[in-house]
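Q: Let me begin by handing over the structure; questions about it come next.
The values are calculated or read from the model by the stated rules, or taken from the named source; none is laboratory data. Bear in mind that the values here come from a model prediction, so they are computed numbers and not experimental data. FYI the Cβ positions are ideal-geometry reconstructions off the backbone, even for glycines, and counts take in every protein chain you see. These accessible areas exclude ligands, DNA and RNA; they are computed on the full protein's heavy atoms, side chains included. Shrake-Rupley method; radii C 1.70, N 1.55, O 1.52, S 1.80 Å.
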Amino acid sequence: QKEVEQDPGPLSVPEGAIVSLNCTYSNSAFQYFMWYRQYSRKGPELLMYTYSSGNKEDGRFTAQVDKSSKYISLFIRDSQPSDSATYLCASRGTGRRALTFGSGTRLQVQP
Amino acid sequence: DTAVSQTPKYLVTQMGNDKSIKCEQNLGHDTMYWYKQDSKKFLKIMFSYNNKELIINETVPNRFSPKSPDKAHLNLHINSLELGDSAVYFCASSLGKTGALGETQYFGPGTRLLVL
């Protein structure tokens, strides 16, 4: 079993839809949670960073972490065709810098 | 101005060959990483260096040997290439401190390796 599980998609939505992307993790030591976005043939780039449980909002993006259920979510409001990419969740414990990534969910926003 | 650069971008080679991938960052970061991304987009840490010191060495065949001549460079040498080594290899760097600013990893564009 992978430490971070993510539905690979693809997920196809119309422009303007609210998108919900989710991950589950198994390692109770994970404290830091991130979402990276990866466009085709590019390296991942950080979208959201959260520590422990709770919500964090940044523009159209909201990240949620529920440590009791080991569930990580990313919501995208008013989705745009430019949001079409693969979204990778990532986590790590304290002390260890390396991230454990999910396998990514491919999102397509149709104009 | 590229923050994290990798060379080459594409590498096609025969099984059994030895090849190197180079990575350079101009961000002044202390920590650098090598990741392997397979065909299913699964991104897995291989190595990490902090100020030229190896701090993470995952379960990777010893045919893979990283080398950090200085903190701005982290190279990856692969001996006796195998078909299963075909993947995209990403270099990344971070400040190496806790917190969003400190540990945001900046990724290079990737090196697409195809072993025939």
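Q: Mind listing whichever residues of the stretch A:85-99 are more than 16 Å from A:Gln6 (Cα to Cα) and either crowded, with 19+ Cβ neighbours inside 10 Å or hydrophobic (A, V, I, L, M, F, W, C) (or both)?
A: A:Arg97, A:Ala98
Q: A follow-up question, please. Looking at the stretch A:1-60, which of its residues are in contact with a Ser or Thr (Cβ under 6 Å, 6 or more places away or on another chain) and within 15 Å of A:Ser91 (Cβ to Cβ)?
A: Matches in the stretch A:1-60: A:Glu3, A:Val4, A:Glu5, A:Gln6, A:Leu21, A:Asn22, A:Tyr25, A:Phe30, A:Gln31, A:Phe33, A:Leu46, A:Lys56.
Q: Shifting gears a bit: Of all residues in the stretch B:80-90, which are more than 10 Å from the chain's Cα centre (by Cα) and among the hydrophobic types (A, V, I, L, M, F, W, C)?
A: B:Leu81, B:Leu83, B:Ala87
Q: Which condition number in (1) open to solvent by less than 60 Å² (accessible area, probe 1.4 Å); (2) over 25 Å from B:Gln6 (Cα atoms); (3) charged (D, E, K, R) is the one that A:Arg37 fails?
A: With respect to (1) open to solvent by less than 60 Å² (accessible area, probe 1.4 Å); (2) over 25 Å from B:Gln6 (Cα atoms); (3) charged (D, E, K, R), A:Arg37 is out only on (2).
Q: Same structure, new question: Counting residues that are among the charged types (D, E, K, R), which strands (runs of 3 or more DSSP E) fully inside the stretch A:25-85 reach at least 2?
A: A:54-58
Q: Do we find a residue being free of Cβ contacts under 8 Å to residues at least 60 places away in the same chain, of a type in the set (A, V, I, L, M) and crowded, with 17+ Cβ neighbours inside 10 Å anywhere in the stretch B:82-97?
A: yes
Q: From the list B:His29, B:His77, pick out the single residue that is more than 12 Å from the chain's Cα centre (by Cα), more than 11 Å from every other protein chain (Cβ to nearest Cβ) and either in a strand (DSSP E or B) or closer than 30 Å to A:Tyr51 by Cβ (or both).
A: B:His29
Q: I've got another one for you. From the list A:Lys67, A:Lys56, which one is open to solvent by less than 60 Å² (accessible area, probe 1.4 Å) and without any contact (Cβ under 8 Å) to a residue 60 or more places away in the chain?
A: A:Lys67
Q: To continue, here is another question. Only one of these is at pLDDT below 95, polar (S, T, N, Q) and over 12 Å from the mean Cα position of the chain (by Cα): A:Ser28, A:Ser79. Name it.
A: Answer to the check: A:Ser28.
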